[in-house]
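K.L.:
Below: one structure in structure tokens.
Just so it is clear, none of the values below were taken in a lab; they were calculated from the coordinates. All values derive from a computational prediction rather than experimental measurement. Counting neighbours? That spans all protein chains shown, and the Cβs are built from the backbone with ideal geometry, glycine included.
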Amino acid sequence: MILYSFRRCPWAMRARLALRYAGCEVEIREVAMKNKPAELLALSPKGTVPVLDTGDQVLEESLHIMHWALAQHDPQDWRLQADPAAAQHAEALIARNDSTFKAQVNLYKYAERYPQHPRAHYRQQAERWLAELEGLLAGRPYLLAAHPSLADAALLPLMRQFAGVEPQWFAEAAYPRVRSWLEGWLASELFRSVMAK
């Protein structure tokens, strides 16, 4: 199996996390986004990463790749099959992360391109999301269970990106549980293995 990836892309990051967690044997091909290989474009004309060629099918969306990987092997129940209500909650969180929070992170990260407001304004827009996640982490180490889930792995890369915009602000912000959750993931062997060059 071949995964076309870009190391720092949050969508590729979460696909690699799920594939590594599930123990899928995958050859990772790092793509230079300014010089996309012909074989990637032949598989997926839109030319974005990640793209997984399983040999039987081509998966072009990170979430589809994550679901596919977990269907192969899910030793810690990332799919939350033991709690269907939590599994539904996970899908709703991921949908908002991938739409609303993604747009907010883009405005915040590239605030100089959007001079209608200062960077702090865009950060404040995103803080409602941080506050919600802070509440979910009350009394447990992960968002929806006592163990990691699909939601944790899917939300992690964008939160990492958000935290990196103003690291000093994030280090002092009133979201200690979100910070601890993020730091735990970033220090994990799983995350470090998928970020190795």
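K.L.:
State whether segment 1-57 is rounded, prolate or oblate according to the following rule on the C-alpha gyration tensor (a ≥ b ≥ c being the square roots of its eigenvalues): a/c under 1.5 gives rounded; otherwise a/b larger than b/c gives prolate, and the remaining case gives oblate.
P.N.:
Numbers: a/c = 2.16, a/b = 1.31, b/c = 1.64.
In terms of gyration-tensor shape, oblate.
K.L.:
So, counting K/R as plus one and D/E as minus one, what does the shell of residues with Cβ under 12 Å around residue 149 add up to?
P.N.:
Values: positive: 79, 140; negative: 74, 77, 83, 91, 152.
Combined, the nearby Lys, Arg, Asp and Glu give -3.
K.L.:
In whole angstrom, how far apart do the alpha carbon centroids of segment 77-100 and segment 167-182 sit?
P.N.:
So the two Cα centres are separated by 23 Å.
K.L.:
Once you have the Cα-Cα distance between residue 121 and residue 1, take 0.36 nm times their residue separation minus that, and quote the gain in nm to one decimal.
P.N.:
Values: separation 120, 0.36 × 120 = 43.20 nm, distance 4.36 nm.
Contour length minus the Cα-Cα distance gives 38.8 nm.
K.L.:
Next up: Which lysines, on any chain, are close to residue 46 with Cα under 16 Å apart, when same-chain ones fewer than 8 places away are left out?
P.N.:
Candidates past the 8-residue exclusion: 34, 36.
K.L.:
So, one more: Give a residue-ordered list of calculated ³J(HN,Hα) values for segment 109-123 (Karplus: 6.51 cos²θ - 1.76 cosθ + 1.60, θ = phi - 60°; whole Hz; x for Gly, Pro).
P.N.:
Coupling constants for segment 109-123: 5, 10, 4, 5, 7, 10, x, 4, 9, x, 3, 4, 5, 5, 4 Hz.
K.L.:
OK, next. Under the rule a/c < 1.5 gives rounded, and otherwise a/b versus b/c splits prolate from oblate, where does the chain land using the Cα gyration tensor? Please report the intermediate quantities before stating the final value.
P.N.:
Values: a/c = 1.92, a/b = 1.21, b/c = 1.58.
It comes out oblate by the Cα gyration axes.
K.L.:
Counting only helical runs of four or more DSSP H residues, what would the 222 nm mean residue ellipticity of the chain come to if each run contributes -39,500 (n - 2.57) and the total is spread over all its residues? Don't jump to the answer; show the numbers that get you there.
P.N.:
Values: 10 runs with 109 residues, N = 197.
Estimated from H runs of four or more residues: -16500 deg cm²/dmol.
K.L.:
Apply the Karplus curve 6.51 cos²θ - 1.76 cosθ + 1.60, θ = phi - 60°, to the phi angles in segment 164-172 and return the couplings in whole Hz, x for Gly and Pro.
P.N.:
x, 5, 10, x, 5, 4, 4, 5, 10
K.L.:
Could I ask something else about it? May I ask you to evaluate 6.51 cos²θ - 1.76 cosθ + 1.60, the Karplus curve with θ = phi - 60°, for each residue of segment 59-67 and list the ³J(HN,Hα) values in order in whole Hz, giving x for glycine and proline?
P.N.:
With the stated coefficients, segment 59-67 comes to 10, 10, 10, 4, 5, 5, 5, 4, 4 Hz.
K.L.:
Next up: On full extension of the chain, what length is gained from residue 60 through residue 91, given 0.36 nm per residue of separation minus the C-alpha to C-alpha distance?
P.N.:
Between residue 60 and residue 91, full extension yields an extra 9.3 nm.
K.L.:
Out of the GluC sites (Glu not before Pro) in segment 1-53, which ones are loop residues according to DSSP with at most 15 other C-beta atoms within 10 Å? Intermediate values should be presented prior to the final figure.
P.N.:
Working: sites: 25, 27, 30, 39; in loops: 25.
Within segment 1-53, the qualifying GluC sites (Glu not before Pro) (loop, at most 15 other Cβ atoms within 10 Å) are 25.
K.L.:
Check residue 29: other-chain or 5+ apart residues with amide H under 5 Å from its amide H, H built from backbone geometry?
P.N.:
When sequence neighbours closer than 5 places are left aside, the close amide H contacts are 3, 4, 5.
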